[in-house]
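This report refers to the structure that appears directly beneath it.
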Amino acid sequence: MRIDKLFSLGKPTISFEFFPPKTEAGFAQLFQVIGDLHPLHPSYVSVTYGAGGSTRQKTVALVERIQRELGIRSMAHLTCVGHTAAEMAAILDELWGSGIRNVLALRGDPPAGQGQFAPPEGGFAYASDLAKFVRVRHDFAIGVAGYPEGHPQCLNRTRDLEMLKLKVDNGGNFVITQLFFDNADFYRFRDQARAMGIGVPIIAGIMPILNVAQIKRFVSLCGAKIPHPLLLKLESLESDAEAVYAAGVAHAVGQCRDLLAHGVEGLHFYTLNKSKATVQIVRALNVLHAS
Ligand SMILES: Cc1cc2nc3c(=O)[nH]c(=O)nc-3n(C[C@H](O)[C@H](O)[C@H](O)COP(=O)(O)OP(=O)(O)OC[C@H]3O[C@@H](n4cnc5c(N)ncnc54)[C@H](O)[C@@H]3O)c2cc1C
């Protein structure tokens, strides 16, 4: 059930990311979405961790339920925000006890309105510290985050890659990237990572563009950029929701085809708990494989 074992099979992984819904109705809807995506045989799915640990119970319960009821290999995201080492140990023990073997070790962003990240008392300051802690607690496969365009708070990209190397040296078995829309950014990042001795699989994070205002908000938060020609195209279509959707799907299909042609080790889709676009994109790629 460890995700890192999949990479040696020589086929790119296909994975889907969800966030824990706020309401019971949202949960029912999410299981419908997962049901739509299940026939694509995802290599694994992952569930995010809300700002400030706000979704702790939901994240843990959701990964356990997806894995137990649907038999899909699942990964819990975990962040350092708001947790002491003892609390983190308890979360890891619970995950391990219920058969989860994969975690994405993250620093996390501070809850809305709190400005800069502040390391919690008795907790961890960086994802690399969390990765080290996870590594000795249980034999999890550990994913870590990478930033093809640099993390928004990094001093420079080289320093950011040095910090990525530290995460991998501390136990990271694979990297999942932040969303990006220009593959040149990914290839440069991957080349530099390899040159620095980061040898683990680097999975490309893909977000289908479904709505212009929404994607502008996301990129402003995560520091990614929309290539200018794509931005102009999206803005010219903005009044026609279907045309924006079609352009977003077409861009993602083109992006993924190019990544596959350039030997990407996996594609990780930020689904935003929606299935339609992801199903269309993955089907267009013709890469379905048994999980
Ligand atoms: C695939 C993916 C999934 C994500 N899922 C979630 C989620 O579920 N919940 C959530 O809240 N957020 C999530 N995020 C967002 C992430 O938490 C933020 O981007 C956060 O700001 C940084 O997290 P990190 O794990 O990359 O941090 P780190 O690797 O700790 O890096 C944070 C910053 O500190 C710098 N740095 C790192 N180590 C050191 C060091 N030792 N000394 C000095 N500087 C250092 C880095 O260069 C970087 O600028 C996700 C991001 C990605 C790419």
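The values are calculated or read from the model by the stated rules, or taken from the named source; none is laboratory data. Quick caveat: nothing in here was measured; it's all calculated off a predicted structure. Cβ atoms come from the backbone with ideal geometry, glycine included; neighbour counts cover every protein chain shown.
Of note:
- Of the residues Gly199, Gly254, Gly205, the single one that is in a helix (DSSP H, G or I), on the phi < 0 side of the Ramachandran plot and not hydrophobic (A, V, I, L, M, F, W, C) is Gly254.
- Conditions (1) near the ligand (Cβ under 9 Å from one of its atoms); (2) in contact with a helix residue (DSSP H, G or I) (Cβ under 8 Å, 6 or more places away or on another chain): number failed by Asp93: (1)
- Which listed residue is surrounded by fewer than 15 Cβ atoms within 10 Å (Cβ to Cβ), modelled with pLDDT of 95 or more, part of a loop (DSSP other than H, G, I, E, B) and within 12 Å of the ligand (Cβ to nearest atom), from Ala125, Ala112: Ala125
- From the list Asp182, Asp191, Asp169, the lone residue that is modelled with pLDDT of 95 or more and touching a Pro at 6+ places or on another chain (Cβ under 8 Å) is Asp182.
- Test for Gly143: is it in a loop (DSSP other than H, G, I, E, B), surrounded by 20 or more Cβ atoms within 10 Å (Cβ to Cβ) and either more than 9 Å from the ligand (Cβ to nearest atom) or at pLDDT 95 or above (or both): no
- Of residues in segment 1-37 being within 16 Å of the ligand (Cβ to nearest atom) and among the acidic types (Asp, Glu), the one surrounded by the fewest Cβ atoms within 10 Å (Cβ to Cβ): Asp4
- Selection count where residues are outside any loop (DSSP other than H, G, I, E, B) and within 13 Å of the ligand (Cβ to nearest atom), scope segment 60-90: 8
- Residue check, Thr55 within 12 Å of the ligand (Cβ to nearest atom), at negative phi and among the polar types (S, T, N, Q): yes
- Flag if Gln153 is within 8 Å of the ligand (Cβ to nearest atom) and modelled with pLDDT under 95: yes
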